[in-house]
Amino acid sequence: MKKAVKPKKSTWKVPVLVITGFGVIGLAAALLTSASTPFMSIEPENGTIGSGATVVTDSGASSGKSVKFSGATSGQPKLRWSPPASSSWTTLKVGGNITRKEYVLAANTDYHIVFDSPAKARLTFVGGRNIKIIGGEINIASPESNTTYSSTQGNYYNYRNGLIFKGSNTGTIYIEGLHVHGQYALDSIQANEQSSRRFVIQNSRLESNTIVSGLTDVADKVYHTDGFQSWGGIESLYMNNVTIINPYQGGMFGDGALKTPWKTSIYDRVNFRGDTKAGQQKKLINFVTASGNLQGPFTFQGNSVYYQLGPNWTWTDSGATSGFYSNMVTFGSDSTGQYAEPLQSKVVNGINNGNGGKGRIYKGLPPAGDYAPASLPGMNYISPGYN
């Protein structure tokens, strides 16, 4: 009988080592010979740049440029109110103007105002129906004046405002992601509406640091600035995630010369800040009624409205440096902090906090700082969406 012969283990080792050796040699050749390895070079800054991105100078990039993506919506909550609905928006591009511009809008027509570059002087819109602005910048960096008037008259300075809306209209003015600022900026938004149109302002920063004194054609001789001024009367005002920085009045909430009655108005996450102009009159919140028709109610939502005093201001309602007009508020404190509570008698249907309590304005900044920091609104703004 023949014995079975076991295969030698070395019989299998040779081909395995040979195959492995060729694999290592091939890998090394591929790595060391770049010409034989396919690759792709991409310069995104040379492509089409979408919304929320900009090309910036970058010395560390191969072409000296790179793409910067906006972080505007980082950590931002969704907004409370959506833009008005429309079956057809007419797009109107604005911006880049170094002198004032006035746009006459067609009646019963809805407009989407698009900033293709920052505006550098006042923009006025007359007429239209629904109007929406989502993202944009107005930088009043030069002191353009109206040569029709003397430099001692208020109208001489009226061209250093941001936005003005005029006309007897219906619909909604919707403003989101807007930054108004500049060395010579006066009023940020004027509503010379004389109408029943609603205003909605969200994720916006309205800044001014100028007051003009010594005028001859106004009673108090001062061109005082307003973050928002309802000059001619409107239906209502809704604000969410808004910061207003102003040396005089953050908000002048009034029914205007035509005594248009206000309806429900809500201020949710709004903070007012006094600017650094010392020795001038400063009242950041003012209710004005010519008729007693501020119907309301006005809602200062859930302990979220704040007012930081400027230098030399006092948390009182009397005296030249008081932060409030006389007989407008009462003062107190609670678990949130010191507050000023507007008098219920200033509005026909009262002032509340939306939760069954009274509406209060709290002293200082919100715990996390401005609701609309300078990095949030502007040309690269991206909306966080809506609840």
Exercise. Can you give the relative contact order of the range 284-387 as a percent, counting alpha carbon pairs under 8 Å and 6+ residues apart?
Worked result: 33
Exercise. ASN97 to ASP116: extension gain in nm, 0.36 nm per residue of separation minus the Cα-Cα distance?
Worked result: 5.8 nm
Problem set entry | Derived scalar couplings ³J(HN,Hα) [the range 340-347; Karplus, 6.51 cos²θ - 1.76 cosθ + 1.60; whole Hz; x for Gly, Pro] | 10, 10, x, 5, 4, 5, 6, 10
Exercise. Of all the accessible heavy-atom surface of the range 99-157, with the other protein chains kept in place and a 1.4 Å probe, what percent is carbon and sulfur?
Worked result: 45
For this session: Whole number in Å², please: accessible area per residue of the range 284-387, 1.4 Å probe, ligands, DNA and RNA not counted.
Result: 43
For this session: Using amide H atoms built 1.01 Å from N in the peptide plane, name the residues 5+ places from GLY364, or on other chains, whose amide H lies under 5 Å from its own.
Result: TYR307, GLN308, LEU309
Problem set entry | 28 Å Cα-Cα threshold exceeded, pairs from LYS132/LYS346; LYS101/LYS132; LYS93/LYS263 | LYS132/LYS346; LYS93/LYS263
For this session: Determine the relative contact order of the range 85-158: mean sequence separation of Cα pairs under 8 Å and six or more apart, normalised by residue count, in whole percent.
Result: 27
Exercise. Which whole-Hz ³J(HN,Hα) couplings does the range 374-381 yield from phi under the Karplus relation 6.51 cos²θ - 1.76 cosθ + 1.60, θ = phi - 60°, glycine and proline marked x?
Worked result: 4, 6, 7, x, x, 5, 9, 5
Problem set entry | Phi-based couplings in Hz for the range 175-181 (Karplus 6.51, -1.76, 1.60; Gly and Pro marked x) | 10, 9, x, 9, 10, 10, 6
Exercise. Restricting attention to the range 74-121, which chymotrypsin sites (Phe, Trp or Tyr not before Pro) occupy a DSSP loop and are surrounded by at most 13 other Cβ atoms within 10 Å?
Worked result: none
Exercise. If Lys and Arg each add +1 and Asp and Glu each add -1, what is the summed charge of the other residues whose beta carbon sits under 15 Å from the beta carbon of ILE133?
Worked result: +4
Exercise. Using Cα-only point scatterers and the Debye equation, what is log10 of I(q)/I(0) for the range 144-247 at each q in 0.13, 0.18 Å⁻¹, rounded to two decimals?
Worked result: -0.49, -0.89
Exercise. Can you list the residues, at least 5 places off or on another chain, whose amide H is less than 5 Å from the amide H of TYR111, using H built in the peptide plane?
Worked result: THR90, ARG129, ASN130, ILE131, LYS132
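The values are calculated or read from the model by the stated rules, or taken from the named source; none is laboratory data. Computed from a prediction, not measured in an experiment: that's the story for all the values here. Note that each Cβ is placed from the backbone with ideal geometry, even for glycine, and that neighbours are counted across all protein chains shown. For the accessible areas, the whole protein counts, side chains as well, though only heavy atoms, and no ligand, DNA or RNA atoms are used. Shrake-Rupley method; radii C 1.70, N 1.55, O 1.52, S 1.80 Å.
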